[in-house]
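As structure tokens, the structure follows; a few thoughts come after it.
Laboratory data are not the source of any read-out in this text; all were calculated from the coordinates shown. A quick note: this is a predicted structure, and the numbers were derived from the prediction, not measured. Reconstructed Cβ throughout: ideal geometry from the backbone, glycine too, with neighbour counts over all protein chains shown.
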Amino acid sequence: MKHFTRLVRPYIVWMVLIVVLPLLLIVLYSFTTGGNELVNIRFTLDNFKKIGEPIYFDVFKKSMLLGIVSVLICLVFGYTLAYMITKYSEKAQNFLILLVTIPMWINTLLRTYAWISILSDNGLLNRLLVLLGLEPATMMYTDAAVMLGLVSDMLPFMVIPIHTSIRKIDKSLIEASHDLGAGNFQTFWQVIFKMSIPGVINGVMMTFLLSISTFVIPKLLGGGQYMLIGNLIETQFISVGNWNFGSAISILLTLLIVIGISLMKKFDREEKEENG
């Protein structure tokens, strides 16, 4: 036990330095005023009250709306793709899921720049339209470009948990449903979809939380005209220099993430109880 404690001690110190200490500083800044210097600070709730101002509240509303839309699109395409993958053999499923996860190995910034090279005025897509004799279209810095970037970036986070839930369903339940006279759609809705709800919830929560907190995609594909929660935090820390307000927004976003993770754990626990 003592040997184990000695081995774990460096990791505990490392976690305190890179996780706990920065988090405590963010909490401190969020409840104080006085800038980024810890001198003459004063405790206040003004930073959180400021979030309710119309200009900042609109940012939260737009982020939530964009997150909901991206979730709905990812859910439709993600569930369809996950369901189709489960129709193949075990080896084929592993290979197809690998193809889904490969884009996640590439940095988000690089993937976003790849979309810029495709959607820009002189990009690959417009060149293809010209070759087909069609007029080139302006696709950059539009709602469609931002949504396309978000969906392509978040889709794997929807596909993987849904595929895992569907893959765990006992095939005998599906066969029993057909034996009892249920059609394909009824079997899908009453058996497959209902039993895959934990995976759907996990996918929805991950996609939503990542969508509202991202700042690279809206900034590059939206041309800076999209101010979402992630962009607002970046602006407060880097451009404006208001660390106190930026910390307050970060704490609120952290609470949303903690709530989302708690919900995912709850559904995972319920799924294990049903299967166990």
**OP:** Report, by chain and number, residues whose modeled amide H sits under 5 Å from the one on Thr32, excluding near sequence neighbours (fewer than 5 apart, same chain).
**Re:** Thr44
Original post:
About its Cα centre, what dipole magnitude does the chain give when the only charges are +1 on Lys and Arg Cβ and -1 on Asp and Glu Cβ, stated in debye to the nearest 20?
Top reply: 720 debye
**OP:** Identify all lysines with a Cα-Cα distance to Lys62 below 21 Å; exclude those on the same chain that are fewer than 8 residues away in sequence.
**Re:** Lys49, Lys50, Lys219
**OP:** Using R₀ = 35 Å, calculate the FRET efficiency as 1/(1 + (r/R₀)^6) where r is the Cβ-Cβ separation of Arg111 and Val20; round to 0.05.
**Re:** 0.65
**OP:** Could you go through region 190-195 in sequence order and give the Karplus-derived ³J(HN,Hα) for each residue, using 6.51 cos²θ - 1.76 cosθ + 1.60 with θ = phi - 60°, rounded to whole Hz, and x for Gly and Pro?
**Re:** 7, 10, 5, 5, 4, 7
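Hey, any idea what the orientation-averaged projected area of the convex hull of region 145-264's Cα atoms comes to, in nm²?
Working: hull surface 35.7 nm².
Over all viewing directions, region 145-264 projects a mean Cα-hull area of 8.9 nm².
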Original post:
Just one of (i) 211; (ii) 200; (iii) 116 is volume of the Cα convex hull per residue in Å³ calculated from these coordinates, so which is it?
Top reply: (i)
Original post:
With each run of n ≥ 4 DSSP H residues scored as -39500 (n - 2.57), what mean residue ellipticity at 222 nm is computed for the chain after dividing by its residue count and rounding to the nearest 500 deg cm²/dmol?
Top reply: -22500 deg cm²/dmol
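Between beta-carbons, use under 15 Å as the cut-off and find the net charge around Tyr113, counting Lys and Arg +1, Asp and Glu -1. Mind showing how you got there, number by number?
Values: positive: Arg111, Lys219; negative: Asp153.
For residues surrounding Tyr113, the net value is +1.
Report the full-extension gain for the segment Ile261 to Phe77: residue separation times 0.36 nm, less the Cα-Cα distance, to one decimal in nm. Can you show the working numbers first?
Values: separation 184, 0.36 × 184 = 66.24 nm, distance 2.30 nm.
The Ile261-Phe77 span can extend by a further 63.9 nm.
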Original post:
What are the DSSP H helices in the chain that stretch 30 Å or more along their long axis, judged by alpha-carbon atoms, and whose average Kyte-Doolittle hydropathy comes to at least 0.5?
Top reply: 54-85, 143-168
**OP:** Apply the Karplus parameterisation 6.51 cos²θ - 1.76 cosθ + 1.60, with θ equal to phi minus 60°, to every residue of region 217-223 and state each ³J(HN,Hα) to the nearest whole Hz, in sequence, with x for glycine and proline.
**Re:** 5, x, 5, 7, 7, x, x
